[in-house]
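For reference, the structure is listed below as structure tokens.
The values are calculated or read from the model by the stated rules, or taken from the named source; none is laboratory data. As the structure is a prediction and not an experimental result, all values here were calculated from the model. Note that we place each Cβ from the backbone using ideal geometry, even for glycine, and neighbour counts take in every protein chain shown.
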Amino acid sequence: MPLATLVPLEFFYSMNSPVDILHSVFGFTQFRTGQREIVDRLLTRKHTLAVMPTGAGKSLCYQLPALIFGKLTVVVSPLVALMDDQVAALRILGVDAVCIHSGRERAANVEDWNRVRSGACKLLYLSPERLMTDRMVQALQRLDPDMFVVDEAHCISKWGANFRPEYEALSGLKSAFPDVVFSAFTATADEATRQDIATKLFDGQGDIIVQGFDRPNLHLAVEPKSDWRKQLLEFIKERSGQSGIVYCLSRRLTEEVSEFLNTNGHWALPYHAGLSSEIRRDNQEAFMSEDGLVMVATIAFGMGIDKPDIRYVFHANLPASMEAYYQEIGRAGRDGAPSNVKLIYGLDDIHMRRRFIDQEGGSDDHRRREHKRLDALVAYCDATTCRRVTLLAYFDEITTACGNCDICLNPPTLIDATPEARMLFAAVESTGQLFGGAHIIDVLRGGATKKIKQHNHDQLLEHGIGSKHNARYWQGFIRQAVSGGYLIVDIAGYGGLKLSPLGQDVARGNAKFSIREIEPKPSARTKSHQASSADQDLPEESADLLRTLKALRRDLAKARNVPAYVVFSDATLREMCMTLPNSMSQMAEINGVGPKKLEDYGQLFLDQLSDGGDRDEG
């Protein structure tokens, strides 16, 4: 908008109340629930952290006071695109606001800074990186601002979803600007994260306002992963012509899903950090402006996306935590209309997420906290009562059954599985609580693998006692036992299963064990996705990886003019897929990987496993 059309600052100062500005500038006749409380607190110069559900109108809560304050308001925002969008929206309203960042021409940045310095413009948007330089801090100190606003404030906390180290430097603002009002806004923060934000920004000397987390227009659903292609296609077909997001864990899967959807008649575009900035920008602009487009993306996409009519979010993999999940589903239904969110997950997703937590480093306390957060998400996935109750309880919000989630609409069948649980737990104990799920299942089903013979596990009483159930059944059973707290995955022991006190009670006959009914495996697959017998009992994501490893094995065998099994057996490749070794020492523990094969092939297969299990954090 040309500067000549912007409203003079005196116009705002002449108004008598926030309600006048709400109507005359923003065009609303009344505040949304919770907005007025935040506005009034800031106008009385009280430091405030506001946690508001997505779509509740948090931007207005700080934009309106900024128009009333006599001096500058600085808004800290994590993304250039988000800053540009908010400034453009304000200028359309006639409000003179600017953003200064490296994506703009230097002359434009200089011109806008001169207007801020002269007092003509009272709203300045900056990234934390540009703000927290000595030069910018000193320049702003000379302007004596009235308020700092930290948008997407969970980024400041090391315990929050999407933590950004650059944000943590904002904790230095309180000493540089002791008389400034600090406000912070987020839709995603549990109790620990909220306290951390308040401490960093204003030493806890302010108010924390939690407006609630409930998004009643979202239909929540979770499903065990069986065939992600079929599950995704069925979900999208019911919503053809609607805009939606499909979240994937890796760049590889993002590209694969996008291609798959396009092949099946849906318009889909990929978005991940491996694409050029130009492609990402073009794909995002298409998604924001077009109807019926599916954005297939890693978590690199989403923050600040303010498209109101996203009708669904589909997770093809398990998110990192309950906070991350809540934030990602929050992109759906911002207009308040009914929208659907669905998550599919498998035991391999849980294993991979736990590996990521341990590989990220940090203190033992931080890792324990992240494992607990993942535990909460897994428990949500395997919930047997209302999902909304489980989700909101995590954020300390109590509610009643919603009647609008998959569990409320189709309550799961709970069956007494105490005999099977005692079989499983006995197998875990008798093998020394050292082995992962794949080996325990082999023991239960009476397998004759090299590892079973090596450890004499074919001599155990438990060998074969669970043979009437297939491997898929036991995988689902173990997943529910883990999510229910009966079994513990020993991360330091490379995924070995251990009994918790709850599991010990069941094993000793002192407690019962109930599970959701595990659906029988589909009897047939379409020809295009026909799996070999070695693939059938693997989770779909691991089956994809197995096919990739088989292709590598085939190429190596062809180059050496030997049969494929001479390189590695199917059983060895399956174990690689289930345990996901990430070092030569871990690879050496895989059955069928002797010293020579380790030397000849070990690193090649490690590289493939790493590519197949990559993730994208930005």
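Just checking: which of the strands (runs of 3 or more DSSP E) contained wholly in region 391-502 hold 1 or more residues that are more than 30 Å from His219 (Cβ to Cβ) and either modelled with pLDDT of 95 or more or within 25 Å of the chain's Cα centre (by Cα) (or both)?
Numbers: elements: 414-416, 487-490, 496-499.
Of the strands (runs of 3 or more DSSP E) lying wholly inside region 391-502, those with at least 1 residues that are more than 30 Å from His219 (Cβ to Cβ) and either modelled with pLDDT of 95 or more or within 25 Å of the chain's Cα centre (by Cα) (or both) span 487-490.
Filtering Phe177, Phe202, Phe213 for residues that are crowded, with 17+ Cβ neighbours inside 10 Å and either within 20 Å of the chain's Cα centre (by Cα) or in the same structural domain as Lys342 (by TED's automatic domain parsing) (or both) leaves a single hit, Phe213. Could you tell me whether Phe235 is surrounded by 15 or more Cβ atoms within 10 Å (Cβ to Cβ), farther than 27 Å from Phe356 by Cα and assigned by TED's automatic domain parsing to the domain that holds Val389? Yes, satisfied. Screening Ile208 on (1) part of a helix (DSSP H, G or I); (2) over 22 Å from the mean Cα position of the chain (by Cα); (3) touching a residue at least 60 places away in the same chain (Cβ under 8 Å) shows it passes everything except condition (1). I'd like to check something: does region 302-317 contain any residue that is within 11 Å of the chain's Cα centre (by Cα) and at positive phi? Yes, there is a match, as at least one residue in region 302-317 is within 11 Å of the chain's Cα centre (by Cα) and at positive phi.
When region 101-125 is filtered for residues that are aliphatic (A, V, I, L, M) and surrounded by fewer than 20 Cβ atoms within 10 Å (Cβ to Cβ), the ones remaining, listed by number, are Ala107, Ala108, Val110, Ala120.
For the condition touching a helix residue (DSSP H, G or I) at 6+ places or on another chain (Cβ under 7 Å), hydroxyl-bearing (Ser, Thr, Tyr) and closer than 25 Å to Leu487 by Cβ, Thr399 does not qualify. Suppose we keep only residues that are out of contact with any Gly (no Cβ under 7 Å at 6 or more places or on another chain) and of a type in the set (Phe, Trp, Tyr) within region 447-489. Which one would you say is farthest from Ile415 (Cα to Cα)? It comes out as Tyr473.
For the subset of region 503-540 comprising residues that are acidic (Asp, Glu) and assigned to a loop (DSSP other than H, G, I, E, B), which member is modelled with the highest pLDDT?
Filtering first and then ranking leaves Glu517.
Taken together, Ala401, Ala426 contain a single residue that is of a type in the set (Gly, Ala, Ser) and closer than 30 Å to Val593 by Cα, which is Ala426. Scanning region 239-278 for residues that are modelled with pLDDT under 95 and in contact with a Phe, Trp or Tyr (Cβ under 6 Å, 6 or more places away or on another chain) turns up Arg239, Tyr271.
Checking Ala324, Ala300, Ala286 one by one, the residue that is of a type in the set (A, V, I, L, M) and either in contact with a Phe, Trp or Tyr (Cβ under 6 Å, 6 or more places away or on another chain) or part of a loop (DSSP other than H, G, I, E, B) (or both) is Ala300 and no other.
When region 61-113 is filtered for residues that are closer than 21 Å to Ala153 by Cα and hydroxyl-bearing (Ser, Thr, Tyr), the ones remaining, listed by number, are Tyr62, Thr73, Ser77.
Scanning region 238-266 for residues that are more than 21 Å from the chain's Cα centre (by Cα) and in a helix (DSSP H, G or I), which turns out surrounded by the most Cβ atoms within 10 Å (Cβ to Cβ)? Only one residue fits best here, namely Leu261.
Restricting attention to region 65-111 and to residues that are under 25 Å from Asp179 (Cβ atoms) and among the small types (Gly, Ala, Ser), the residue that is farthest from the chain's Cα centre (by Cα) turns out to be Gly70. Among the criteria (1) at pLDDT below 95; (2) closer than 14 Å to Asn340 by Cα; (3) of a type in the set (A, V, I, L, M, F, W, C), the one Ala221 does not fulfil is (1). Can you name the residue in region 581-607 that is under 32 Å from the mean Cα position of the chain (by Cα) and without any contact (Cβ under 8 Å) to a residue 12 or more places away in the chain and is also nearest to Arg553 (Cα to Cα) among such residues? The residue in question is Asp607. Just to be sure I understand the filter: pairs with C-beta atoms under 8 Å, separated by 6 or more residues or on different chains, first member in region 399-423 and at negative phi, second member exposed (fewer than 11 other Cβ atoms within 10 Å of the Cβ) and part of a loop (DSSP other than H, G, I, E, B). Which pairs pass? Taking only residues 6 or more apart or on different chains, the pairs are Leu409/Gly403; Arg422/Gly509.
Give the number of residues within region 185-218 that are touching a Pro at 6+ places or on another chain (Cβ under 9 Å), of a type in the set (A, V, I, L, M, F, W, C) and at pLDDT 90 or above. The total comes to 1. Scanning for something polar (S, T, N, Q), free of Cβ contacts under 8 Å to residues at least 40 places away in the same chain and in a loop (DSSP other than H, G, I, E, B), does region 352-370 turn up at least one residue? Yes, region 352-370 contains a residue that is polar (S, T, N, Q), free of Cβ contacts under 8 Å to residues at least 40 places away in the same chain and in a loop (DSSP other than H, G, I, E, B). Within region 239-283, the set of residues being over 19 Å from Ile344 (Cα atoms) and touching a strand residue (DSSP E or B) at 6+ places or on another chain (Cβ under 7 Å) comprises Gln242, Ser243, Asn262, His266, Trp267, Ala268, Leu269, Pro270, Tyr271, His272, Arg280, Asn283.
Here is a check on your reading of the model: is Ala153 hydrophobic (A, V, I, L, M, F, W, C) and out of contact with any strand residue (DSSP E or B) (no Cβ under 8 Å at 6 or more places or on another chain)?
The answer is no for Ala153.
Restricted to region 155-173, and to residues there that are under 19 Å from Arg130 (Cα atoms) and among the aromatic types (Phe, Trp, Tyr), the residue that is modelled with the lowest pLDDT is Phe163.
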